[in-house]
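One structure is given below, encoded as structure tokens.
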Amino acid sequence: VLLDQIDESVAQENALQEGEVEFTPEMVRHIASELKNSLETRPAPATKEDKARMRQKKRQVKDLEEHSRKLQEYDSRLAAMGERNSMSKTDPDATFMRMKEDAMNNGQTKPGYNLQIATENQFITHFDFFHNPTDTLTLIPFLDGSFSRFRFHPSTVVADSGYGSEENYDYMHQADIEAYVKYNRFHIEQRPRYRPNPFSGENFYYNEAQDYYVCPMGQHLERIGTRHKKSQSGHLLTYAVYRAQRCEGCPLRGLCYRSKQPCRTILMDHKLMHYKQRARERLTSPEGIRHRGRRCIEPEAVFGQIKANMHYRRFRHFGKDMITMDFTFLAMAFNIKKMAAKRLKTKKNGGNSPDNTPYRAYLSVLGVPVSPMVAPIQKLAA
């Protein structure tokens, strides 16, 4: 009778289209307990058909108890997963991601961590692990972790286009960090045959004094309002909305836009465009070209040495605390190995090589006296 009442309630909810009925583990467990008690108080079945119906109802009670147990298990895993979209059973801190090593070549996902490192002269200065597979949301917490470790922000940050977002640019601007960080279309703009699309809103002429845009046909797009949007991390984005006055009969309408709207409407993020312009000026300057040339031989070379030469391609432990310990020892060994190699190179060059500076600066950051380390490094290099 109770099951019939539940089915009737669900049917009524679906008929009224008021949403699905959500059962908690406690509700399902209570229903199963009520049904079990009602079956125990009934008299023993006499006929064969009554016995079959009794067995069927007992099976339904067991199914409800199993559903309650599984629902409790799913709720606990969803709570442990938090804001992530997946979680590994063997390592609850790990998230399923697409790896570069895809043996089956089918884009399979495996539990892992997004490792971020900071390097200078190919010395590992800071590292951290993140659950999200993309790099956009890792820069700010990574810089916060670096600040908590060294008590100061780096004067210059060089990164690829995966980190170029308004939120990241804004954070580095407020922290007085000189950002040589590419945005998503920087490489396309630097191609010799690149021609900007004249019908893109970013390429329209903008009159900053009167706050309007001009399309290729000379029509003004006046500002009609403002829209706000939150990013995945909660950062508030502000877009200015501009709309043309009349687009009927325009001979370039098919090239300009294909929307059913009668007039062209564009959304412009002036703050992001300002940051992109500053990033473009920095990256195309002589200093920016030098930083761009060194970026590909800084962290990429470190990852290449770790994965190819040292054969460190996967973590040996489970849990974020354990893999942090694991990679900390690897980073220490890597830096000591790099210092020994530079010391050996200095010795071969007669002690006049400027390569003494990187590892001495690294030791100074760590707060380790330099002179007691020279003899052990010489012995290790020999």
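Would a scan of segment 281-295 turn up a residue that is in contact with a strand residue (DSSP E or B) (Cβ under 9 Å, 6 or more places away or on another chain) and more than 20 Å from Ile177 (Cα to Cα)?
Taking every residue of segment 281-295 in turn, none turns out to be in contact with a strand residue (DSSP E or B) (Cβ under 9 Å, 6 or more places away or on another chain) and more than 20 Å from Ile177 (Cα to Cα).
Yes/no matrix, rows are residues, columns are (1) open to solvent by 40 Å² or more (accessible area, probe 1.4 Å); (2) touching a Cys at 6+ places or on another chain (Cβ under 6 Å); (3) closer than 18 Å to Pro299 by Cα:
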residue	(1), (2), (3)
Lys110	yes, no, no
Asn114	no, no, yes
His126	no, no, yes
Arg149	yes, no, no
His153	yes, no, no
Ile177	no, no, no
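Looking at segment 276-303, I want the residues that are in contact (Cβ under 8 Å) with a residue 24 or more places away in the chain and acidic (Asp, Glu) and have a partner that is surrounded by 12 or more Cβ atoms within 10 Å (Cβ to Cβ) and in a helix (DSSP H, G or I) with Cβ atoms under 8 Å, at least 6 apart or on another chain. Which pairs are those?
The qualifying pairs do not exist here.
Would you please name the residue that is farthest from Thr136 (Cα to Cα), looking only at residues in segment 212-245 that are part of a loop (DSSP other than H, G, I, E, B) and hydrophobic (A, V, I, L, M, F, W, C)?
Out of the qualifying residues, it is Met217.
Under the condition of being modelled with pLDDT under 90 and part of a helix (DSSP H, G or I), which residue from segment 246-283 is surrounded by the fewest Cβ atoms within 10 Å (Cβ to Cβ)?
Taking the candidates together, the pick is Gly254.
State which residue pairs qualify: first residue at negative phi and open to solvent by less than 100 Å² (accessible area, probe 1.4 Å) and inside segment 17-34, second residue modelled with pLDDT under 75 and in a helix (DSSP H, G or I) in any location, beta carbons under 9 Å apart, and separation of 6 or more residues or different chains.
Taking only residues 6 or more apart or on different chains, the pairs are Val21/Glu13; Val21/Asn14.
Does Tyr183 qualify as being open to solvent by less than 10 Å² (accessible area, probe 1.4 Å), part of a loop (DSSP other than H, G, I, E, B) and farther than 23 Å from Arg258 by Cβ?
Considered against the rule, which asks whether it is open to solvent by less than 10 Å² (accessible area, probe 1.4 Å), part of a loop (DSSP other than H, G, I, E, B) and farther than 23 Å from Arg258 by Cβ, Tyr183 comes out as yes.
Just to verify a result, which residue in segment 66-112, among those that are small (Gly, Ala, Ser) and in a loop (DSSP other than H, G, I, E, B), is modelled with the lowest pLDDT?
Filtering first and then ranking leaves Ala103.
So which residues in segment 30-76 are under 41 Å from the mean Cα position of the chain (by Cα) and among the hydroxyl-bearing types (Ser, Thr, Tyr), if there are any at all?
Scanning segment 30-76 gives Ser68, Tyr74, Ser76.
Can you find, within segment 124-156, the residue that is farthest from Tyr169 (Cα to Cα) among those that are in contact (Cβ under 8 Å) with a residue 24 or more places away in the chain and among the hydroxyl-bearing types (Ser, Thr, Tyr)?
Of everything passing the filter in segment 124-156, Thr125 is farthest from Tyr169 (Cα to Cα).
The values are calculated or read from the model by the stated rules, or taken from the named source; none is laboratory data. Just so it is clear, the structure is predicted and the values come from calculations on it, not from any experiment. In this analysis, Cβ positions are derived from the backbone assuming ideal geometry, glycine residues included, and neighbour counts consider all displayed protein chains. These area figures cover heavy atoms from the full protein model, side chains too; ligands, DNA and RNA do not enter into them. Shrake-Rupley method; radii C 1.70, N 1.55, O 1.52, S 1.80 Å.
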